[in-house]
Structure formats: structure tokens, C-alpha cells
Amino acid sequence: MNKTVSRQNVIFAIVAVVSVLLLWLLPPVGFIACCVLLIVLPPWGRTITERALISIVVLLGLVALIFPRAGATAITAMSAHLGLALAVLAVAAARFIPRLARPIPKPTVSDALIGIMLVGTSWWLMSAYVGRSLYGIVSGLFFSGWDNQGHFTTFANTYVIGSTTWPTIDGSVAWNQWYPALHTTMWSLAQLGSQTGAELLDRTSLLWPYVQWSSISFALCLAALAWVAGDLAGRLGPLVNPRSGFIKRWAAPIAIVVFATFALLGSPTGLFNSGFTNFMMGVTVVVVTAYLSARDWHSARGLGWFLIPLGALAAIGLWTPLVLGLIPSGLIVALALWRVRKWLAPVWVIAAGGFVGITAWLQTQAVINSDPGTSAGGLLADLGAIGVGMSAFNIGAALAAPLVVIGLAILLLRGRRAPLALATAGPVLGFTVFAVIAMSGADAGELSRLVSYYVLKSLNAMLLAVAPLIAAMAAVAVCVLLVAVSKTTKGAAKPRAARINVIIGGAIALVIGVTMFGYVGTTTRDFTGGFTSAPGVAAANARSAGVENDLIGESIISAQQAALPYPDKTTMLWDGSGTLPNLWVSTLHGVMSKKQNTFYANLPPFPYGEKTLGHLTLALNLDPSLNLVVLWFRGVSGVMVEELKIDQPDRVTTVKVPMRSSPLCEECSL
């Protein structure tokens, strides 16, 4: 180790110590500084983006290991600061080990494009909520997607309780306690590690952090998949034209732009609206881990042995069935270790495979046991019978994904790139296996396969996994076309002018073409009925429209505020309500139990009346632990629910919720 390197390492160590101190003195600054150090200091990755992605996978896997679902490890500001500090100091200290002292990668065009995409996408996703009131934020989440309530629940519970185990007022298991929730554990740690002050935020104040962290996480996923597209394009280019410097230089940036276009204008951001950020994170972790672990023999030996188990733990903690997509890359890693030392492969397979297999089994059993008496087959049929809730996407492209990856794999095998063939095909083929399993559940539930929620979600995972591959191949094709145009125009009288004219003409044709379908500029919706905005644009419009329509948010927040004096009672919003508003009020009120969730799910259809009163009376008689605070804001409703209070004075409290007068409730008043 020369003096220059030693001096750099000392400087990095000092910066690391200062950053760690800032975690306690000025948390937002210290948190950002520590995150930057975790990107640039670790001894892996050939580029800045690659180094960052490996670090993220490692961090996700370690958090899944240290803070498991329904675990006992405390999640507090202290544990968040301590964990981040130890990670930063560890990577800084590792630089003093000669074998681990890797130089800081120089920024590339691809790194810059990824950075721009990350910042721009994060802002685009959260911009509709910036500066909005709590009414607007909860309304936006309410109208965007049902699952936002469920994922906000796990985030708020983990943050407020300070653990991944949440006690309830009725003693039953907390609702969603059995569900994979690594994403909200990460968000809780990030919020605790970056916020100023020792006081915890209340549940309503966590609405904006939920939007913030889910937006950043989703944008990171899209940026990570864009990097896969770029790196793959850089490897495919030489196979097509090994002599072209243009292809070698520009294939990766073009692939990133192609994927970014699909990501922002296509269907992916609809998943964000629906509250499926954990699903997006799971797909991304599998695709990135599979690719980094097996793209070549060197990566398989140097990275795969620890990325596969850590990535698998993360996938299990995000969307468990997706872990199937890592099996092919795991085989490449085992073979690579076999080629180094024959005894390494079986040891690694037994250790990593056994640990990951047990973790997956425990998670699956937790889901099955959440409903006593349900078998694995019964659960599969129940899941297969779900036919609502999935956001729209290109089903045809998803169904073609296995054929695309098989075709690409054949080309790579012909080019003697066997590891890369499995690294790219593995996730899609693994997701296909689960799609087939989900189809059997749909058949058992007597539901059309292309209507079943879990079949569609599996197909969407296949589409997301194949999209970077298509972007990479498209980028190489564009480069080949440009090289051909360059060669063709060399014989022109003015070759430079001819090339520029071709490029300008192509750009004009592209803009005209995509504008016709609402991808750029004004849509033709007002002129003819067959055209709509691009899916990504439509998703952005839906977020903005939901935030503007804030009356439902006002009723939810006002009801939650009115119920604050009754923390040990189950909330029941009577007016302007329904199942989902009641779920939101309950989530903002405290830890919702499984019993409470079942109570809300079984409520009669809105509007509530005498039938609902009878249902509440029956529920009170059947469940001695049920104590209600009934919230209303219409005078006629107050009279009706008073009957329930008279019958059960010790167990029912009625509270008028102050609500401003509106066209939907002219008699309301503050």
C-alpha cells in the first residue's frame, strides 16, 4: 500500500468518524453523509452505481437478518444510528486491508444518467403530495390504491412501537403481523436515523414520511433496473460488433434512456400508486442480485457467494415467492465455487440454501398459520380466488417474457456466455414457475387465470424482469442502426449534414408517433375516443386528482382526532365511510388487530343504517373484548347510533366529529 493510498484511507476514516458523529449531532446531515460513504467506500463494484447497488442488497439482507418479522430487536433512533455507524466504520476500516482497498470508481455517463433518473423519478412520484395538508395526503393515498393503507400500517406500527412485534388492545395478533415487511422496517430505521429531535412523530405525521420513503425506494428500483439494462447492453454490444467503438461507448447510456422511457411512461408507476412498492423492491432485488451474482465467472466467485443468500433474505422479506428467481444464478455460483475448490460448492449450498430455505418456510408458515385451520392448498385456493386489486400492465408482453429470455439465452450460449444467459433468464423463469402455481390456485378458486390477482402479479413481475433485457437489446439495435447510417452517409456529398438530417428526421418521426398515443405533449382524447394518456402520465394524473379531492381525507383525519381520548376502543366511522375509510381511521388510531380488521371487513355495505346497527349489536355480543367509539358527523346519524350506546353504555361511546359544511354534507359544521 503506497503513501498516497494510505493518505486517502486516513482521510476517508476521518470523514467516516465525522459523519458518524453528525448522526447524533445533526441527524439529517449525518444520515446523508453515511449513506454516501456506504456507496463509495465498500470494496466491490466497478462503477459508482454498481457499488451502490451491491451495498443496498447487502444492507437489505443484513436488516432482514437483524430485524426479522415479529422479532425482538429494538427499532429506535439509537439502534438506527448505531447500525449505520457500525456499517460506515466497518467499510472505512476495511480500506486499510490491502486486498480490500479498492480505488473509488470514476463517474461515467451511465452513472450520471442513473443519478438524474433517480432524483427526477423520486420527485415525480412525491411531487403531488409536496406541501399538501394531511387531508390531501391521506386522500391521495386513499384514491391511489387500497394497499397503501396496509403498508402504511406496518410502517406506522414499526416506527411507533419500536419493534417488528406489535401488541394490540384486544390481545389478538396484530393485523399484517405475519406479512413480509422488510420495506417498512427499512423506512422506519431510515426515518428514525434521519429525523431531528428525540420525540417520535404521531401516526398522522408519518403520512408524509411514508410518501417520501416509498417514493425514494420505488425510484431506486427503477434506477437499479435501468443500470441492469445499461450493463447488459455493454456486454451484448461486443457480441454483435466487437470492433465498433461507438457501440461500446454508447450502448449502455442508450439502454438506460430506453428503460427510463418505459419506466416513467409505461405501467411501472401504476404499481407505486397501488401501494405495491414492496413488490417492486422484491422484483428489483431478485433481478439485480441474480445479475450481479452470475453475469460472469468472476462475479460468481467474488460476489455471488454472499449476494445470493443476502438477496434471498431480502426477497423473502419483501415478496416471498419471488425468491424462486434466484435459483438459476445460485447454480452458477455453486459451479463457480466448485471450479475453485470442489468442497466449497456443497458447503455453500448446504449453508446458504439451508438457511434461506428455512427462512422461506418460516415465512410461508406464518402466512398459513395466520388463519387457523387453513392448509397450504387451502391458502393457495383462497389466494387464487382473489380477482381484484391489480394495476394495469401489458399482459401480452408479460406472457412473451419467457420466450424472450430463452431466445436471448440461446444467443448468449452461442457466444459462450453461459453465466450471463442464466443470470438474465433466471428471474423471469423463476417468476414463471410461481405464475404456474398461482394459476393452479385460480383454477381451484374457479376464477379466470388472467383475472386472478396473484397470477397477474406474477406476470407483472415477469414483465419488470424482462424489460431491462429488451431495453438492452433495443439499445444495441439502435447503435447498430446508427453505425449503419454513418457508413451509408459517408458517400454523400456532405456526410455530416446527411447524418444530422437522418437523426433529426428520426427524432421528429419518433415524437410524432409517441404523441399520437399520449406519451409526449397533448393527448388526442378530446378529438377521438380511441386514445388515452400513457400509463405513467395517467398514474401521475391520478395522484394529483386524489390529493385535490381531499374531503375523504378530512373525514378520516377528523375522525382520528376525535377518537384520540379513547385509545383502548375500536373506532367505527359511521358517516362518509365504508370499509377502507374505517381501516384508515383504525390504522391512524393505533395498532389494528386481526380481530378488528375482520370486524371492518364484515361490516354491511355503506351507507350504514338499521342493518349496520344490528350487525354492531351482534358483534358486541359475540366478542366481549370489543369496545367501540362510534364517530359521526350528521345529526340523523347521531340519533341512530345513540340507540347502540343506550343498549351498551359501558362498551359503546359515541362522538360527534367536527366537519365543515360541503355539498356532500350541507348540515355538517365545525
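Key figures
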quantity	calculated
Cα gyration tensor of segment 177-240 - equivalent ellipsoid semi-axes, whole Å, descending	36, 13, 9
Nearest-ten-degree value, helix 109-126 long axis tilted from longest Cα axis of the chain	10
Fraction of alpha-carbon pairs over 15 Å apart in segment 552-656 - percent	57
Theoretical ellipticity at 222 nm over the chain - DSSP helices of four or more residues, -39500 (n - 2.57) apiece, nearest 500	-22000 deg cm²/dmol
For segment 62-161, size of Cβ-based charge dipole, Lys and Arg +1, Asp and Glu -1, in debye	380
Computed lengthening from ALA392 to SER133, 0.36 nm per intervening residue step minus Cα-Cα distance	90.3 nm
Paramagnetic label zone (point 7 Å from Cα along Cα-to-C-beta, TRP338; backbone N under 20 Å) in segment 408-436	413-414, 416-427
C-alpha long axis of helix 305-319 to longest principal axis of the chain, angle in °	30
For segment 389-429 versus segment 17-75, the gap between their alpha-carbon centres in whole angstrom	32
Residues with amide H under 5 Å from that of VAL629, placed H, sequence gap 5 or more	THR570, THR571, MET572, THR653
Along the chain, longest interval not containing exposed GluC sites (Glu not before Pro), exposed being DSSP loop plus at most 14 other Cβ atoms within 10 Å	200-445
Antiparallel DSSP beta bridges within the chain, as percent of all bridges there, nearest 5	20
Rel. contact order, % - alpha carbon contacts under 8 angstrom, at least six apart, the chain	16
Count, lysine Cα pairs under 24 Å in the chain, 8 or more residues apart or across chains	15
Free-standing Cys, the chain [no other Cys Cβ under 4.7 Å]	CYS34, CYS35, CYS221, CYS479
Karplus 3J(HN,Hα) series, Hz, for segment 14-24 with 6.51 cos²θ - 1.76 cosθ + 1.60 (x for Gly, Pro)	5, 4, 5, 5, 4, 4, 5, 4, 5, 4, 8
Inter-part distance where segment 141-188 and segment 298-353 are each reduced to a Cα centre, Å	30
FRET efficiency for SER205 and LEU86, using Cβ-Cβ distance with R0 set to 45 Å, rounded to 0.05	0.95
From phi via Karplus (6.51, -1.76, 1.60), per-residue ³J(HN,Hα) for segment 68-80 in Hz, x at Gly/Pro	x, 4, 6, x, 10, 5, 5, 10, 9, 4, 5, 5, 5
Integer Hz, Karplus 6.51/-1.76/1.60 couplings in order for segment 240-253, x for Gly and Pro	7, 8, x, 9, 7, x, 5, 5, 4, 7, 10, 4, 5, x
Matching label, Rg and Dmax of the Cα atoms in Å computed from the structure shown, candidates (1) 34.9, 96; (2) 26.9, 96; (3) 28.8, 84	(2)
Segment 204-221 and segment 551-565: distance between their alpha carbon centers, rounded to Å	22
Mean separation of Cα contacts under 8 Å, 6 or more apart, over the residue count of segment 552-656: relative contact order %	31
Computed label-point distance, nm, for sites ASN602 and LYS106 using a 7 Å Cα→Cβ extension	6.9
Pairwise label distance in nanometres, ALA72 with GLU610, each label 7 Å out on the Cα-Cβ vector	5.5
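Read-outs throughout are calculated quantities, based only on the coordinates presented, and are distinct from any laboratory measurement. Because the structure is a prediction, the values reported are computed rather than measured. We place every Cβ from the backbone using ideal geometry, glycine too, and count neighbours over all the protein chains shown.
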